[in-house]
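The values are calculated or read from the model by the stated rules, or taken from the named source; none is laboratory data. Computed from a predicted structure; not experimentally measured. Here the Cβ positions follow ideal geometry from the backbone for every residue, glycine too, while neighbour counts run over all protein chains shown. In case anyone asks, the SASA skips ligands and DNA or RNA and just uses the protein heavy atoms, side chains included. Shrake-Rupley method; radii C 1.70, N 1.55, O 1.52, S 1.80 Å.
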Amino acid sequence: MARVYAAIDPFFCQVDDPENVRTSDEVGEEEKPLPFGEYGSFCPVTLTKDSWIYPGSDEHEAQVDERVYKLAGEQELEEFKADPMKYIKEGIQRPPEPHIMIVGPRGSGVTTQIEKICAKYKVSDFLLKEEFLKKINQEKEERKKQRLLARGFKAPEPVEDDAEPEPDPEIEDEAEDFDKEAHEKEVFKSIFNAGSVLIIDGDWFDLPEDEIATEYTDLLFNSRRPPELVISLSVSEDKMLERLLDRDEIEAKYQELVEIRNAEKRKQREEDRNAKLEELKGDEEKPQEEIDQEMADWDKERDEQEQDEDDPDAPNLEAMLEEAKEKLIEGRTTQADFIEEFETKVSDMKVPVIKVDGNLDMDRVNLRILDHTKNYLEERNSMYERSQIIDLKPEEVKFYENSYLYSLSKYGYKSLFDIARPSLTKQHALIYRDQLYFFSTQDEKDKFSLSPEVYCKNESVPKDVLLQPTCFVLGTPSCGKSTIC
């Protein structure tokens, strides 16, 4: 139907012919980027179909009315080209709920920070690995059940007493045409509730061996469920040991092992003593007094032997502490390497990664995270509109003033924060939705850039702009000027 409309209606919305417009590849490094469409640099197809923000790809780009739309992949690009009006909504759009991921090695405070953020914004955390494995195992058990029902009852093979029955390959093994990676992608996609705020715990460590076939970032992006922001916490080795090495627990375990070892030694001594006593009693000519004396000597000799000899099987507290440290250090190294690779891959896919020092006090770390996530949580409604802004240098203003593509805003050369006073400078200017805006100071410009639609969505002066009119009263003496004022 879209093709029919495009053929008969010259004003029907359709993708611009690349031969008739300037593409992003033709823009020089020092030139301004081409203006984005209503959704900024995010894919309009995944937004419309899944209510999920996905960073558009430079390789999959289309233009409508000379505005750039970046798509997630080849399939989304073809869908967009077929019917762009299905995915384009005019005017200021509200983004879907935020989906933010926090990652970091154990001991960096990931769980603590997620709890703090969830408590502040009254939302629930999302344990990605747990939810995914839970769903995967449920689906696996369901497939086993279906294979069992399809095959019917079959008597199990006889086994010896106390022996575990052998797994039934007809039930346990997947079908030959089962696509594990495709299934994992669909399961991964299904566990997210796009309509809810998600503060995601990105822990992907210690997965069951050979349980998951698809690489982590491939799951995120192939299922079209990447986070829109990644907060990466780091932690030093010393701070990690300080937080995770539970000395009290290890000492309690040490005392437990000591008690077990002492019990074993007492049992062994009792067995040896009984054997010695039986040996002495076997000599019928030996009197009881002599037996008692020899047993007393045996006890004394055994006491001296136990005091002088080192027990090689005795638990060693220092060795236990050192073993626990080495295990934690090895885990931290592996996790840090995994996260570094993860950061690189998601950054390449245009997902912003914010690195935060997790060695600091937890409250200070939380303040830094809240500062970085403010635009994604508290100022979220302006997410798309911020991408419509083109910052201008003072020397670039004249070019855009003379361009037929851009016009002055309804405020003209005045700062919208102080309409009564004309701006005396063009040092602070920007373009928002093809209109030029001027400001008296950089602070005014930054404030506008944070939420531009607040000041521009109405035709009249926005209510939050303070307008104080200036009026002069002139007249001859005694004409009533003071009464009027």
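Please state the shape class of the range 65-206: rounded when a/c is under 1.5, otherwise prolate if a/b exceeds b/c and oblate if not, all from the C-alpha gyration tensor. Numbers along the way, then the final one.
Working: a/c = 3.36, a/b = 1.59, b/c = 2.11.
It is oblate, given that a/c is not under 1.5 and a/b is not larger than b/c.
Can you list the lysines whose alpha carbon sits under 16 Å from that of LYS374, skipping same-chain ones fewer than 8 residues off?
Here the lysines satisfying the reach criterion relative to LYS374 are LYS116, LYS120, LYS122, LYS355, LYS447.
If I take every Cα pair under 8 Å that is 6 or more residues apart in the range 37-94, average their sequence separation and divide by the length, what percent do I get for the relative contact order?
That works out to 37 percent.
Roughly what % antiparallel, to the nearest 5, for the DSSP beta bridges in the chain?
45
Taking only protein heavy atoms into account and a 1.4 Å probe, give the accessible area per residue of the chain in Å². Walk me through the numbers before you get to the answer.
On the way: 30330 Å² over 485 residues.
Here the residues of the chain average 63 Å² of exposed surface.
Cα to Cα, under 23 Å, and not fewer than 8 places away if on the same chain: which lysines meet these conditions relative to LYS276?
Partners within reach: LYS265, LYS267, LYS286, LYS300.
Quick one: ranking LYS89, LYS122, LYS144 by accessible area, 1.4 Å probe, largest first, what do you get?
Details: LYS89 115, LYS122 165, LYS144 35 Å².
Accessible-area ranking of LYS89, LYS122, LYS144, largest first: LYS122, LYS89, LYS144.
Enter the Cα centre distance for the pair the range 10-81 and the range 254-287, rounded to the nearest angstrom.
85
On average over all directions, what projected area in square nanometres does the range 294-414 have, based on the convex hull of its Cα atoms?
Over all viewing directions, the range 294-414 projects a mean Cα-hull area of 16.9 nm².
Would you mind listing how long the range 315-386 runs along its three principal axes, going by Cα atoms, in whole Å with the largest first?
On the principal axes, the range 315-386 reaches 64, 30, 13 Å in Cα extent.
Expressed in nm to one decimal, what extension gain is obtained for the pair SER190 and GLU139 from 0.36 nm per residue of sequence separation less their Cα-Cα distance?
17.2 nm
So, with +1 on the Cβ of K and R and -1 on the Cβ of D and E, and no other charges, what is the size of the charge dipole of the chain about its Cα centre, to the nearest 20 debye?
For the chain, the charge dipole is close to 6360 debye.
In whole angstrom, note down how far apart the Cα centers of the range 313-364 and the range 127-194 are.
Measuring centre to centre over Cα atoms gives 33 Å.
Throw me the Rg/Rh for the range 1-86, computed over C-alpha atoms with Kirkwood Rh, two decimals. Show your work: numbers first, answer last.
Working: Rg = 13.1 Å, Rh = 13.4 Å.
Here Rg/Rh amounts to 0.97.
Could you give the dipole magnitude of the range 252-310 about its Cα centre, charging the beta-carbon of Lys and Arg +1 and that of Asp and Glu -1, in debye to the nearest 20?
500
Once both axes come from the Cα atoms, what is the angle between helix 247-281 and the longest principal axis of the chain, in degrees from 0 to 90, rounded to 10?
The angle comes out near 10 degrees.
Can you tell me the order of 472-481, 403-412 when each peptide is scored by its average per-residue count of other Cβ atoms within 10 angstrom, highest first? Don't skip to the end; give the middle numbers.
Working: 472-481: 8.0, 403-412: 13.4.
The peptides rank, most packed first, as 403-412, 472-481.
By how many degrees, between 0 and 90 and to the nearest 10, does the Cα long axis of helix 362-377 differ from the longest principal axis of the chain?
40
Per residue, what volume in Å³ does the Cα convex hull of the chain take up? Write out the running numbers ahead of the final one.
Numbers: hull volume 151.1 nm³, N = 485.
Taking the convex hull of the Cα positions in the chain, it is 312 Å³ per residue.
Please compute the contact order of the chain in relative form: average sequence separation of alpha-carbon pairs under 8 Å and at least six residues apart, divided by the residue count, as a percent.
Working: 557 pairs, mean separation 78.6, N = 485.
Contact order relative to length: 16 percent.
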